[in-house]
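Novice: Can you read through this structure? Questions will come right after.
The values are calculated or read from the model by the stated rules, or taken from the named source; none is laboratory data. All values derive from a computational prediction rather than experimental measurement. When we count neighbours, we look across all protein chains shown, and the Cβ atoms used for this are built from the backbone with ideal geometry, even at glycine. Ligands, DNA and RNA are excluded from the accessible area calculation, which covers all protein heavy atoms including side chains. Shrake-Rupley method; radii C 1.70, N 1.55, O 1.52, S 1.80 Å.
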Amino acid sequence: MDDVWDLVVVGGGPAGAAAALRARQLRPEARVLLLDRADFPRDKACGDGIAAHGRDELALLGVPDLIADYRPTQRLAVVSPGGARVSATSARPNHVVPRKVFDARLVDAARARGVEVRRHQVRALAVLGDRVVLDGTVTARAVVAADGANSTVRRLIGISPSPERHTAIAVRGYADVDADDDVQSIFMQRDGWPAYAWSFPIGDGTANVGYGMLLPRLHATGLPGKEVLHGRLAELLPHVSARDLRAHHLPLSPGRPRPGSGRVMLAGDAAGLINPLTGEGIFYALVSGRLAGEAAVQAAGDPLPAYRRGLGKALGRHLRTTDVLALASQSPGFIDAAIDTAARRKEVFDLLVDVGLGAGTVPAPLALAVLRRWLLNTVRRH
Ligand SMILES: Cc1cc2nc3c(=O)[nH]c(=O)nc-3n(C[C@H](O)[C@H](O)[C@H](O)COP(=O)(O)OP(=O)(O)OC[C@H]3O[C@@H](n4cnc5c(N)ncnc54)[C@H](O)[C@@H]3O)c2cc1C
């Protein structure tokens, strides 16, 4: 059996790497072990979109220039399910970085900060007093479970996965585009709504393209998942020929994250932390990982209460906002009204970006403006 680690992180995606980086940043002498079943670099099905909010987190973790060599873009275009359009410049630049690159760089940064990285798939967990033992061999004072949407550790501590109504599924691929194409585009679809396709140019003549929808809507078609996802991607992006198609589930936030149990903290997808409006999860993974790493090395006893408080402070109001908006967005007319309003008012566009990609909340006057337009559109239609 190993000595006792101050922190063992399971999973080396953005949530796990952030936890490991933060722990060593705050306590450079802390013994931190990062386990992942894969060797890095490894691929991960993702849109690769990293918003400015995610870069703020990288700065907090002490790696501000991690993706500085990738082309920034501020241009965003969205077509709503009913055909309302907005094309505008976002307040701050966003990036598209293949996860094969991004995740490997984060893990390298953790290694450079003194985190020990091992290839190891966690299968068992036992709690022995104030210690957690993984697979009978690795003992930790605290564990951050950042092992993704199908988290083994979450199952082992008895926390159930996201219910199907809070789960989406998406396929992503890569396609050739003009090298000077720098518009991040989203095409929403009325049929099977909520559902949308995206094209996120990377800046090297390729783009990450994909299509995602809610799992119950996919099941309602009665057709094989691959047929539906690939078919709709081709339908919405007809001029694009996508390769390396790969699909994965997205556990959408139900409004309140599941922070863990005892000395085991859940972060990122393992905590069901994906924005239900956009499918954004990298920012949440970085925030929750950072806060879990912080609690692991700073809390005097059980780190979970500190982690829960940290999450509540950083994301509580925002998550409750997205929960309400996700409910309203079940009606495509609501999204039409929101996009229509964003096309007329730049401050609304900026706010939607903050809510969809960061930790933004909606002030009451704005909610009223969207409601007014929704009602107006409904009256006009009838
Ligand atoms: C198709 C698609 C498109 C998306 N597009 C975007 C986007 O453009 N922007 C965005 O912000 N978000 C996007 N998301 C969401 C985003 O991918 C996730 O929210 C994000 O990857 C979560 O990071 P994580 O660190 O929690 O988990 P992951 O990145 O999934 O990392 C989990 C890690 O745990 C490891 N692991 C798993 N089980 C074990 C085990 N038992 N033992 C050891 N290691 C284990 C895995 O190998 C993996 O490295 C998308 C998701 C999908 C599916």
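Novice: Just want to confirm a number: the relative contact order over segment 237-338, from Cα pairs under 8 angstrom separated by 6+ residues, in percent. Walk me through the numbers before you get to the answer.
Specialist: Numbers: 105 pairs, mean separation 27.5, N = 102.
Once normalised by length, the contact order is 27 percent.
Novice: Same structure again: Order these peptides, 312-325, 332-345, by their mean beta-carbon neighbour count within 10 angstrom, highest first.
Specialist: Result, highest mean Cβ count within 10 Å first: 332-345, 312-325.
Novice: Further question on the same structure: So what is the relative contact order of the chain, in percent, for Cα pairs below 8 Å that sit 6 or more residues apart?
Specialist: Working: 841 pairs, mean separation 81.9, N = 382.
Relative CO of the chain lands at 21 percent.
Novice: From the residues LEU304, ALA314, VAL287, which one has its Cα farthest along the dipole of segment 262-336 in the positive direction, the dipole being from +1 and -1 charges on Cβ of Lys/Arg and Asp/Glu about the Cα centre?
Specialist: LEU304
Novice: Placing +1 on the Cβ of each Lys and Arg and -1 on the Cβ of each Asp and Glu in segment 59-149, which of GLY114, HIS95, GLY129 has its Cα farthest towards the positive end of the resulting dipole?
Specialist: The residue sitting farthest along the positive end of the dipole is HIS95.
Novice: How many percent of the accessible area of segment 138-239 is carbon or sulfur, using a 1.4 Å probe?
Specialist: Reported share for carbon and sulfur atoms: 53 percent.
Novice: Another question, then. Accessible surface of ILE274 in the full protein assembly, 1.4 angstrom probe, to the nearest 10 Å²?
Specialist: Roll a 1.4 Å probe over it and ILE274 shows about 10 Å².
Novice: When the Karplus curve 6.51 cos²θ - 1.76 cosθ + 1.60 is applied with θ = phi - 60°, which whole-Hz ³J(HN,Hα) does each residue of segment 141-150 get, with x for Gly and Pro?
Specialist: 3J(HN,Hα) across segment 141-150, in whole Hz: 6, 8, 10, 10, 8, 10, 9, x, 4, 9.
Novice: Same structure, new question: Per residue of segment 30-43, what does 6.51 cos²θ - 1.76 cosθ + 1.60 with θ = phi - 60° give for ³J(HN,Hα)? Whole Hz please, x for Gly and Pro, Karplus curve as stated.
Specialist: These are the phi-based 3J(HN,Hα) values: 5, 8, 10, 10, 10, 10, 9, 6, 10, 8, 9, x, 9, 7 Hz.
Novice: Follow-up question, since we're still on this one. Return a whole-number percent for the relative contact order of segment 1-127, with Cα pairs under 8 Å and 6 or more residues apart as the contact set.
Specialist: On the way: 186 pairs, mean separation 45.1, N = 127.
Reported as a whole number, the value is 35 percent.
Novice: Step through the residues of segment 183-190 one at a time and calculate ³J(HN,Hα) from phi using the Karplus curve (6.51 cos²θ - 1.76 cosθ + 1.60, θ = phi - 60°), rounding each to whole Hz and writing x for Gly and Pro.
Specialist: Going residue by residue, I get 9, 7, 10, 10, 10, 7, 10, 5 Hz, with x marking Gly and Pro.
Novice: With a 1.4 Å probe and all protein chains in place, put TYR307, TYR70 in order of accessible area, largest first.
Specialist: TYR70, TYR307
Novice: Then there is this: Rolling a 1.4 angstrom probe over the protein heavy atoms, how many square angstrom per residue are accessible across segment 139-224? Each step should come with its number before you reach the end.
Specialist: Values: 3340 Å² over 86 residues.
It amounts to 39 Å² per residue over segment 139-224.
Novice: Given H placed on each backbone N at 1.01 Å, which residues far from ILE50 in sequence or on other chains put an amide H within less than 5 Å of it?
Specialist: HIS95, VAL96, VAL97
Novice: Enter the accessible area per residue of segment 317-382 (Å², integer; probe 1.4 Å; all protein chains in place).
Specialist: For segment 317-382, the per-residue accessible area is 53 Å².
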